[in-house]
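Comments concern the structure below.
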Amino acid sequence: MSKFIVLLPGDGIGVEVVGEAKKIIDYLSERYKMDIRTGTYLVGGASLDNCNEPVKDEVVEACLKADAVLLGAVGGPKWDDYPADKRPEKALLRLRKELGLYNNLRPVTVFDSLKDASPLRPEVVNGVDLLVVRELTGGLYFGQPKGIIEEDGVQVGVDTMRYSVPEIERIARAAFDAALVRRKKVTSVDKANILASSQLWRKTVERIAGEYPDVTLEHMLVDNCAMQLIRNPSQFDVILTENMFGDILSDEAAMLTGSIGMLPSASLGDGPGMYEPVHGSAPDIAGQNIANPLATLASVALMFRYSLDHEQAARDLESAISHVLDDGYNCKDMSRHARKVLSTSAMGDQVLKTLKQIHTPA
Ligand code: NAD
């Protein structure tokens with residue numbers, strides 16, 4: 001059955017890294033006879049320049065009809081002074097909302113050959129391969145009431161932490177499903193010693209765990225998790241947590257790798273998923289063919305896993321990336337940890353060449 005992927009290169013290095021991703025998508029489509037078609041659309045600053053809107057309705061509609069969306073990055077100094085409703089990031093917020101992306105996945109892998117890049121000692125990060133599953137549309141960031149109010153002549157800032165059982169159930173199932181194809185362990189992170197929302201979270205996650213007898217569940221308080229990520233990060237397989245805890249912990253976990261150019265992400269809902277590198281549009285290096293495309297290529301692997309239902313293609317691509325790093329190749333941002341420094345396009349070509357050499361088991 002044919003598949004359609006919307007490519008949204010966006011701004012700055014987004015254009016360069018998505019260009020490399022397209023080479024890989026085209027190859028995997030052919031290799032696995034998947035009949036994948038792609039369509040490229042404007043988003044962010046590029047769209048503002050073209051039609052004075054961060055994202056056009058027809059682009060949102062194309063995304064809603066697609067099997068998956070791959071985004072580069074949006075933004076840059078050129079659009080920094082635009083009014084709030086004309087900012088490039090508005091495009092991302094609208095897409096996340098319209099696609100109902102409640103499940104944010106951020107894998108963090110410390111590659112053997114890059115252990116020295118971590119700010120932690122190599123023996124501490126050795127073997128780290130974890131996945132943060134963050135709830136993206138609920139919790140403190142969206143709960144009502146919210147705002148700055150006046151009480152007896154005093155200003156009070158109010159945010160509301162709230163989660164309903166269905167919201168917890170769907171993200172818990174996403175985490176258990178992800179664990180099933182990994183090392184089958186979920187660490188659910190909460191603050192159940194104090195927060196009512198966390199007590200309901202814990203009770204609900206425990207009930208959903210009953211549907212997954214092959215997966216081990218443990219609970220961890222968020223303050224302890226922040227500490228354990230630094231003390232012994234390789235104990236984690238899947239970390240399941242609510243929106244704000246996930247926001248903070250996923251950045252902490254990302255830093256275990258010591259590199260921003262290599263971290264992928266996926267945001268999933270009930271419709272098409274959206275895949276993007278964690279980094280931004282890097283205007284300081286845009287147009288120079290030196291950006292590291294590996295975060296975007298790793299995001300493509302997630303797309304094959306979670307939206308195109310092709311685990312083998314995902315694994316082949318991930319192992320090609322890992323081989324390329326083991327062979328000492330990397331881009332300028334990681335040049336201290338590389339024997340051979342490649343341009344953006346040469347890195348895309350190297351991953352493609354390595355991918356072609358990987359023999360898929362029958
Ligand atoms: P950034 O991630 O773009 O860049 C931070 C630093 O990391 C820069 O020195 C950059 O050169 C480097 N870097 C980032 N990605 C790299 C890569 N793939 N290869 C090599 N080096 C890389 O963050 P920033 O500078 O804070 O933001 C720049 C613009 O990007 C801003 O307009 C910001 O709003 C936007 N932004 C967009 C997204 C997104 O689209 N999801 C995310 C973050 C920032």
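Just so you know, all these numbers are worked out from the coordinates, no wet-lab data involved. Computed from a prediction, not measured in an experiment: that's the story for all the values here. Positions of Cβ are backbone-derived with ideal geometry, glycine not excepted, and every protein chain shown enters the neighbour counts.
Please state which one of 295, 291, 286, 282 is within 11 Å of the ligand (Cβ to nearest atom), farther than 18 Å from residue 31 by Cα and assigned to a helix (DSSP H, G or I).
Selected residue: 295, the only one of 295, 291, 286, 282 that is within 11 Å of the ligand (Cβ to nearest atom), farther than 18 Å from residue 31 by Cα and assigned to a helix (DSSP H, G or I).
For residue 242, only one of the following conditions fails: (1) within 14 Å of the ligand (Cβ to nearest atom); (2) closer than 30 Å to residue 163 by Cα; (3) buried (at least 24 other Cβ atoms within 10 Å of the Cβ); (4) not aliphatic (A, V, I, L, M). What is its number?
(1)
Within the stretch 58-70, identify whether any single residue is within 14 Å of the ligand (Cβ to nearest atom) and part of a strand (DSSP E or B), and answer yes or no.
Within the stretch 58-70 (the criterion being within 14 Å of the ligand (Cβ to nearest atom) and part of a strand (DSSP E or B)), the answer is yes, since at least one residue qualifies.
Hey, can you tell me all the residues within the stretch 83-132 that are more than 30 Å from residue 329 (Cα to Cα) and of a type in the set (D, E, K, R)?
Passing the criteria: 85, 86, 87, 89, 90, 94, 96, 97, 98.
Quick check, is residue 81 without any contact (Cβ under 8 Å) to a residue 12 or more places away in the chain and either touching a His at 6+ places or on another chain (Cβ under 8 Å) or within 16 Å of the ligand (Cβ to nearest atom) (or both)?
yes
What number of residues within the stretch 245-279 satisfy the criterion of being in a loop (DSSP other than H, G, I, E, B) and away from the ligand (no atom under 11 Å from the Cβ)?
So the answer is 8.
Matching residues to (1) among the polar types (S, T, N, Q); (2) farther than 30 Å from residue 321 by Cβ; (3) out of contact with any helix residue (DSSP H, G or I) (no Cβ under 7 Å at 6 or more places or on another chain):
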position	(1), (2), (3)
109	yes, no, yes
135	no, no, no
143	no, yes, yes
151	no, yes, yes
159	no, yes, no
164	yes, yes, yes
169	no, yes, no
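Restricting attention to the stretch 298-340, which residues are within 12 Å of the ligand (Cβ to nearest atom) and in contact (Cβ under 8 Å) with a residue 12 or more places away in the chain?
Result: 298, 299, 330, 331, 332, 333, 334.
Taking into account only those residues within the stretch 1-21 that are of a type outside the set (Phe, Trp, Tyr) and away from the ligand (no atom under 16 Å from the Cβ), which is nearest to residue 91 (Cα to Cα)?
Ranking the candidates gives 5 first.
Mind checking whether some residue in the stretch 206-214 is surrounded by 15 or more Cβ atoms within 10 Å (Cβ to Cβ), on the phi < 0 side of the Ramachandran plot and not small (Gly, Ala, Ser)?
Checked against the condition, which is being surrounded by 15 or more Cβ atoms within 10 Å (Cβ to Cβ), on the phi < 0 side of the Ramachandran plot and not small (Gly, Ala, Ser), the stretch 206-214 yields at least one hit.
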